[in-house]
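Working notes, structure below.
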Amino acid sequence: MASHDSIPPWSRYVAIGDSFSEGLWDPYPYDDGTRAPAGTETTAVQRGWTDRLADHLAERRGDEGLEYANLAIRGKKLRQIVDEQLDVALAMQPDLVSIVGGGNDILRPQADIDGLTATLEESVARLRASGADVLMGTGFRAGGALSLTSGRVGQYNATIWSIARRHGAYVLDNWGLGALHDWRLWSDDRIHLTDEGHRRVANAALVGLGLAPDDDTFDDALPAATARRLRERAREDAQWARAHVMPWVQRRLRGTSSGDGRAPKWPTPLPWPPSER
């Protein structure tokens with residue numbers, strides 16, 4: 001059984017992917033511990049599960065140290081992730097790479113799951129041939145309007161486990177993370193997690209890597225929501241389409257992405273955690 005005393009073997013971790021690995025919406029707090037004001041989260045540096053995973057690995061490695069880079073950019077489809085980030089990551093000679101992508105493809109009704117699978121497997125094979133360990137991540141079990149994607153996500157998830165078996169890769173099981181069925185762990189856009197959601201996913205990533213979680217209760221349910229909070233949620237549901245769905249549709253019609261013009265937040269391996277973020 002995994003132990004909290006296990007020293008992770010990886011000295012250089014690189015994350016590649018889309019908004020999930022960039023960490024939306026989990027902005028770093030200010031020095032005084034306060035959060036970015038509402039409306040400014042988009043310009044703040046995002047933390048997310050990958051940075052939190054790097055925190056855990058670095059702490060457990062102690063004096064042996066960890067270097068970490070994050071090339072993930074919001075809005076990227078899987079082929080874009082591979083074309084723009086994979087070679088850059090390989091050039092860094094990492095011994096651990098997380099590659100999580102395909103969610104932006106699956107949101108589209110015409111998603112080619114077989115094509116996504118082939119692209120992902122080719123990428124994992126290249127990473128494994130370099131000597132790096134690989135951590136993939138399954139898609140989430142979406143609720144509400146996004147439940148229409150569940151069939152495609154389930155099919156894609158099945159291929160992820162098969163790829164992991166064939167190539168000796170690790171899997172972060174987001175689909176099986178029961179706590180994420182609670183809407184309070186999701187941000188207002190219903191697609192990205194809150195800081196608490198990312199904290200729980202980082203613990204699930206440790207488990208996926210064969211390590212003990214830092215918090216054994218990471219998959220426990222939240223306390224029951226109050227009646228007042230349930231009423232507030234109903235009002236938020238009415239605002240959701242106007243605030244989040246319409247801008248997404250407009251970007252698709254214009255052929256633009258939320259990640260256009262953005263650079264990776266940690267483009268080169270840094271001793272982790274850095275003195276300044």
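I'm checking my understanding of the structure. Among residues of the stretch 5-18 that are at pLDDT below 95 and in contact with a helix residue (DSSP H, G or I) (Cβ under 8 Å, 6 or more places away or on another chain), which one is least open to solvent (accessible area, probe 1.4 Å)? Give the steps one after another, and end with the answer.
Pass one, the stretch 5-18, residues at pLDDT below 95: 5-7.
Subsequent filtering for residues that are in contact with a helix residue (DSSP H, G or I) (Cβ under 8 Å, 6 or more places away or on another chain) retains 6-7.
On the way: SER6: 41, ILE7: 99 Å².
Among those residues, the one meeting the criterion is SER6.
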* Checklist (1) within 18 Å of the chain's Cα centre (by Cα); (2) touching a residue at least 24 places away in the same chain (Cβ under 8 Å); (3) closer than 28 Å to PHE218 by Cα applied to TRP186, failing item -> (2)
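Which one of these is open to solvent by less than 70 Å² (accessible area, probe 1.4 Å), modelled with pLDDT under 85 and aliphatic (A, V, I, L, M): ALA238, ALA205, ALA212, ALA227? Spell out how you get there, then give the answer.
Details: ALA238 fails: open to solvent by less than 70 Å² (accessible area, probe 1.4 Å); ALA205 fails: modelled with pLDDT under 85; ALA212 fails: modelled with pLDDT under 85.
Checking each option against the conditions leaves just ALA227.
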* Do we have ARG199 as open to solvent by 50 Å² or more (accessible area, probe 1.4 Å), basic (Lys, Arg) and either at pLDDT 85 or above or closer than 21 Å to THR138 by Cα (or both) here? -> yes
* Structure fact -> Result of the Cβ filter at 6 Å on the stretch 264-275, keeping first residues that are outside any strand (DSSP E or B) and partners that are open to solvent by less than 40 Å² (accessible area, probe 1.4 Å), at least 6 apart or interchain, is PRO264/LEU71; LYS265/ASN70; TRP272/ALA54; TRP272/ALA58; TRP272/LEU66; TRP272/TYR68
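The values are calculated or read from the model by the stated rules, or taken from the named source; none is laboratory data. Because the structure is a prediction, the values reported are computed rather than measured. Cβ sites come from the backbone with ideal geometry, for glycine too, and all protein chains shown count toward neighbours. Note: areas computed on protein heavy atoms with side chains; ligands, DNA, RNA excluded. Shrake-Rupley method; radii C 1.70, N 1.55, O 1.52, S 1.80 Å.
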